[in-house]
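First the structure, in the form of structure tokens, and then the observations on it.
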Amino acid sequence: MNRRTFIKKSSLAAGAIYLPSKLMATKPGEIILGHHNKRYYIDTQWSKINAAQYPVNDCHEMVQDKLGRILLLTNETKNNVIIYDKSGKLISSWGHEYPGAHGLTLFNENGEDVLFICDNSRHQVIKTTIDGKVLLTLNYPKETGQYTSADEYVPTETIIASNGDIYVADGYGKDFVIQYDYKGNYIRHFGGKGKGNEFLLNAHGICIDNRNNKPCLIVTSRMENAFKRYSMQGEYIDTIPLPGAWVCRPVIKGDYLYVAVLQSNGRKDEQSGFVLILDKAYKVVSNIGGNLPAYNNNMPEEVYQTIKVFQYPHDVCIDDEENLYIAQWNSGKVYPYKLMPV
Amino acid sequence: MKKMMALLSLFFIKHTVAQQQFQLAPPLLKYASAFFKEKMDLQIMFNQPGTSIRYTINGSEPTEKDRQYKTPLIITENTIVKAKVFGNNFTPSAMAKGTFIKDGKAIQQISFSAPDKDFTSAKKDILYDNMGGDINFRNGNWLGYNTDTVEINIELTKKQTITSVCLNVLQDQNSWVFLPEQLALYYYDTKQNQFLPAGSIETAMQHPLPKQCVLQKLVVSKKVITNKLKLIILPLKKIPDWASGKGTHAWLFIDEIKVY
């Protein structure tokens, strides 16, 4: 019996377990985080880069490119984009003109990786090549008739459909999702603030869910502690409540949806974040650093932090080997952590 | 077997990471309101295998030897509950604390200075409805002020001896919400036909304090028999230099008054 099967057999759904010391002569007490088949070791020292040379401020989002490299977006203008290999070594960095760098989305456009950066301070979305050459800039969406100045528009996230359509979530502005074609021509907008299920409150993230027959959009309504699903044309479908969880952006890899939770409602402003993993039916199957909620009539009970692994996690990146990288906001300029599946 | 050991050690090397001890998060105290008429249930939430919640009701900081929480606590009198979580290989959590307050003397009505328009209430009994004790100042239970003086007039259902008055105040210094500089209590003396002083407390803002509800208790300094009380509250006029928002006028948030 190897260690992997031993662990599978010895622990069913423990939130965090310790390996028996006999097996773990070299590192007694190594922690395992998460639940069910989504359990991880953690390496908080993954980043090998020198903070004096390559500083970070908030680490907002991360993606993996087709070469397997891990890209980090930070609002530190000495190096807005830091490119790592999977072992945490620096490959390169670029970007000095994104003071409000917040959202980072990668899209494979006809075989080429391109990036979409949401900049909160510039009130713009900027499309670049993988090494930072600007390809397209989207200014505030006057065409919607909802905005009178750029200041009202504070985009936090983008997602790109397979046909190249660009969806922008104005998560710190007016909470609209604005849809453009691949050239940046306005198509429509939906969401926005309001009373009613179809509206959003802090539309902080967006992704496309292709796991079921019909693709749909999943949009964060963070202060409502929920995701909302919309058709690709912006028609509201339903709400996925996650009581207590300030969900950032949804990220789908394989059969699972991963999301960094900035903090919990019960302990706001107290570094109470964690990371949730949901299955295809949007049910929480693992909570890294927190409780596994019970479900009553498909409604999860409150989710909250139990182990102070993270402060304010802001994004999850899942690499080609199912490792996770967690970027954190306002957490003492900490570099990303890496979690490796058990 | 040798091959397996080699594979195993490879696996260990691959996953060798800096060993780290994490702290447990504080447990969550769940209750509908910190104020109650006869009794209330207190649930303490912390679902993490291999850990236990320990609590006290005598004011001391919980240790691993204190009572283990298993089922909701039934509270029937003024009680301070302190709880902590312990678990092998984890640093114990910080302490969670809750103050639970039983209803006092029957109140006829309470009138109050007009609160800020964003933090007011249409409920006439907002300050004696036994609802509140939650640190979210936007939950509709709180009255918010950023004025220099707040006046509150309390009328009891009958004339009686008063020993103390309690005011629940929010402390949320990161949101510029501070305890008041001064609380002064007056009682209506029917013989002299005027309000006379019954006691006061002053609070000095010396250093940062955690976000929590603070029950400020004014003990009446002499024998007072009345059915009318007046509270004059002086919110903090200038946020201290060590706090965010320094120099600006602080906010005062109150959500409940009890008379004993």
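We did not get these values from a lab; they are worked out from the coordinates using the rules stated. Only a predicted model underlies this, so the values are computations on that prediction, with no experimental measurement involved. So basically every Cβ, Gly included, is an ideal-geometry build from the backbone, and we count neighbours across all protein chains shown.
Tabulated results
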quantity	calculated
Stokes-Einstein D in µm²/s, Kirkwood radius over Cα pairs - region A:70-125 at 20 °C with 1.002 mPa s viscosity	182 µm²/s
Cut-off 17 Å (backbone N to label point 7 Å along Cα→Cβ of B:Ser113), residues of region B:213-239	B:230-239
Region B:210-251 - Rg and Dmax from Cα coordinates, angstrom	15.6, 43
Residues A:Ser272, B:Ser221, A:Ser93, sorted so that the one with the fewest Cβ neighbours within 10 Å comes first	B:Ser221, A:Ser93, A:Ser272
Residues B:Glu155 and B:Lys123, FRET efficiency given R0 of 25 Å [Cβ-Cβ distance, rounded to 0.05]	0.90
Region A:288-342: Rg to Rh, with Rh as the Kirkwood radius over Cα pairs	1.05
Share of alpha-carbon pairs per 20 Å distance bin for chain A, given as whole %	32, 59, 9, 0
Potential lengthening between A:Thr77 and A:Asn108 on full extension [0.36 nm per residue; Cα-Cα distance subtracted]	8.6 nm
MRE, 222 nm, helices only [DSSP H, n ≥ 4, -39500 (n - 2.57), over chain A, to nearest 500]	-500 deg cm²/dmol
For region B:74-166: lysine pairs under 15 Å (alpha-carbon distance), excluding those fewer than 8 apart on one chain	4
FRET efficiency, B:Ile201 to B:Lys30 (Cβ-Cβ, R0 45 Å, nearest 0.05)	0.90
Order of B:Met40, B:Met205 - criterion: other Cβ atoms within 10 Å of each residue's Cβ, fewest first	B:Met205, B:Met40
Coarse-grained scattering of region A:230-342 at q = 0.20 Å⁻¹, given as base-10 log I(q)/I(0) from a Debye sum over alpha-carbon atoms	-1.09
11 Å beta-carbon shell around B:Asn78, net charge (K/R +1, D/E -1)	+1
Scattering profile of region A:157-308 at q = 0.13, 0.18, 0.21 Å⁻¹ [log10 I(q)/I(0), Debye over alpha-carbon scatterers]	-0.55, -1.03, -1.33
Fully extended contour minus Cα-Cα distance, from A:Asn197 to A:Asp85, at 0.36 nm per residue	36.1 nm
Overall dimensions of region B:122-260 by Cα: Rg and Dmax, Å	15.4, 48
Region B:33-73-region B:194-219 distance, computed between alpha-carbon centres (Å)	27 Å
Solvent-free Debye scattering, log10 I(q)/I(0), computed from the Cα coordinates of chain B at q = 0.14 Å⁻¹	-1.02
Rounded to 10°, Cα long-axis angle of helix B:2-14 versus longest principal axis of chain B	40 degrees
A:Asn37 paired with B:Arg67, simple spin-label distance in nm, labels 7 Å along Cα-to-beta-carbon	4.4 nm
Estimated inter-spin distance, A:Arg188 and B:Val219, nm [label 7 Å along Cα→Cβ]	6.9 nm
Rounded Å value of the spacing that divides the Cα centres of region A:270-342 and region A:36-55	15 Å
Mean Cα-pair separation over length for chain B, i.e. relative contact order, pairs under 8 Å, 6 or more apart, %	19 percent
Bridge type composition, chain B - antiparallel percent by DSSP, nearest 5	95 percent
Separation of alpha-carbon centers, region A:126-143 and region B:85-155, rounded to whole Å	48 Å
